[in-house]
Structures are given as structure tokens and as C-alpha cells.
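Colleague: The structure is given below, and queries will be raised subsequently.
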């Protein structure tokens, strides 16, 4: 077998693997507007996440037949008020607010992927890996941006963005087209060691030209 023939065969096999992955990727590029009545309210979903992992309420148990001391009563009231406050307090997500609270997403195709532009002007470059996620010791599969270090790949028709957040925590975004009405579903999960629970936010968007439903 000649070298030229071998080269063409290797190139053909490479394209046979690469092209299906590209062709399977849905066309998510468009100007998207949130569908409010079919989306979670991210502000509501972030409430109460900063609840303390351990409870200090009623740490002092009075002896049998004896009422609690005034000091214990005051301490317990303070702790209960803290917990009530935390239940109604929205977790601080810092720079993630640009992504989580945006009611508008402009997705523009590029040579290697997409540019995402959010309502407040924040921009991200999203270049999915071909062939799915790959985890290595060097971490070359991750890309760095203002939010942290991300691995981006297609899982079937779903665009997955796994981000190790700065300074800590993790966020996974799953972005997919829903047919036949062509709606964009964005499912976001965020974990933070300071939160009692993970944030779970699901939102749907329609092309801006169609207006809100």
C-alpha cells in the first residue's frame, strides 16, 4: 500500500468519526428570549441554599424538672431567627448572575463552536470537544474563563458545560433543543460546599422573533 493511499485511508477514517459528531450537533444558534411561564424563577431556586449544615438550636438541654435558663432561651431565639432569615435569603452567586438571571441569550456560531452573549453583555466562548468528555492529569481538556475552568462537549444532542467554579463549587449546564416547536432548554445545576442543597434551575427559551409565550 502506497503512502498516499494510506494517508487517504487514515483521513477517510478520521472524517468518518469526526463528521457524524458535527452533523449530530443541533443548530442552537439564535437570539433566545425566556418563556417565563415555562421556566423556573432562578431567584426563588437560590433561596434557602445557604442554610447551615449543622443546627445549633437547643444545644443546651435543661435538667429534668428545671426550666431553661434565660441565657439559653435568648440563644435559641437568636439561632431560630438566623435560620428563618436564611430560608428567605438568596444565595450569593457572584459572577454567575450574568448567566443564571439572563432573560436573553444570543448564540452566534463560530468556527469551533459558539459565542454566548447574555442580557448584561457578558460573553462566553463555547467550543465543544468532539467525542465527549476526556479527563486527563494535565487538564488540557478544560478551558478557562471568568467563571472558572470548563469542559464542554456534546452528549448526543445535548451541549454539556461542566465548570469548576472560581473560587469553588461546580456548575453543570445542559443545553438542548426541544422539538417540534424549537425551544431551547437550559438545565443548570450548581453545588457549593457552603450550601445545604444544590441549586437546580430549568429554563426554556423561544426565538426572539416569536415573542414570549
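Colleague: Could you go through the range 168-181 and let me know if any residue there is modelled with pLDDT under 90 and under 16 Å from residue 93 (Cβ atoms).
Modeller: yes
Colleague: Restricting attention to the range 148-180, which residues are in contact with a strand residue (DSSP E or B) (Cβ under 8 Å, 6 or more places away or on another chain), outside any strand (DSSP E or B) and more than 18 Å from residue 125 (Cα to Cα)?
Modeller: Within the range 148-180, 157, 169 meet the criteria.
Colleague: Tally up the residues in the range 182-213 that are closer than 21 Å to residue 95 by Cα and in a loop (DSSP other than H, G, I, E, B), please. Let's see the steps before the verdict.
Modeller: Residues of the range 182-213 closer than 21 Å to residue 95 by Cα: 186-203.
Next cut, in a loop (DSSP other than H, G, I, E, B) only: 192-198.
So the count comes out to 7.
Colleague: In the range 134-150, is there at least one residue being within 13 Å of residue 28 (Cα to Cα) and surrounded by fewer than 17 Cβ atoms within 10 Å (Cβ to Cβ)?
Modeller: So the first thing to find is which residues in the range 134-150 are within 13 Å of residue 28 (Cα to Cα), and the list is none.
No, because not a single residue in the range 134-150 is within 13 Å of residue 28 (Cα to Cα) and surrounded by fewer than 17 Cβ atoms within 10 Å (Cβ to Cβ).
Colleague: Determine which single condition residue 61 fails, assuming it passes every other condition in (1) exposed (fewer than 15 other Cβ atoms within 10 Å of the Cβ); (2) assigned to a loop (DSSP other than H, G, I, E, B); (3) modelled with pLDDT of 65 or more.
Modeller: Going through the list (1) exposed (fewer than 15 other Cβ atoms within 10 Å of the Cβ); (2) assigned to a loop (DSSP other than H, G, I, E, B); (3) modelled with pLDDT of 65 or more, residue 61 breaks only (3).
Colleague: Now, a different point. What is the one condition in (1) under 22 Å from residue 25 (Cβ atoms); (2) out of contact with any strand residue (DSSP E or B) (no Cβ under 6 Å at 6 or more places or on another chain); (3) touching a residue at least 40 places away in the same chain (Cβ under 8 Å) that residue 197 does not satisfy?
Modeller: With respect to (1) under 22 Å from residue 25 (Cβ atoms); (2) out of contact with any strand residue (DSSP E or B) (no Cβ under 6 Å at 6 or more places or on another chain); (3) touching a residue at least 40 places away in the same chain (Cβ under 8 Å), residue 197 is out only on (1).
Colleague: Return yes when residue 91 is loosely packed, with under 15 Cβ neighbours inside 10 Å, closer than 21 Å to residue 194 by Cα and at pLDDT below 95 and no when it is not.
Modeller: On the way: loosely packed, with under 15 Cβ neighbours inside 10 Å: no; closer than 21 Å to residue 194 by Cα: yes; at pLDDT below 95: yes.
No, not satisfied.
The values are calculated or read from the model by the stated rules, or taken from the named source; none is laboratory data. Source: prediction; values computed, not measured. Virtual Cβ from ideal backbone geometry, glycine too; neighbours counted across all protein chains shown.
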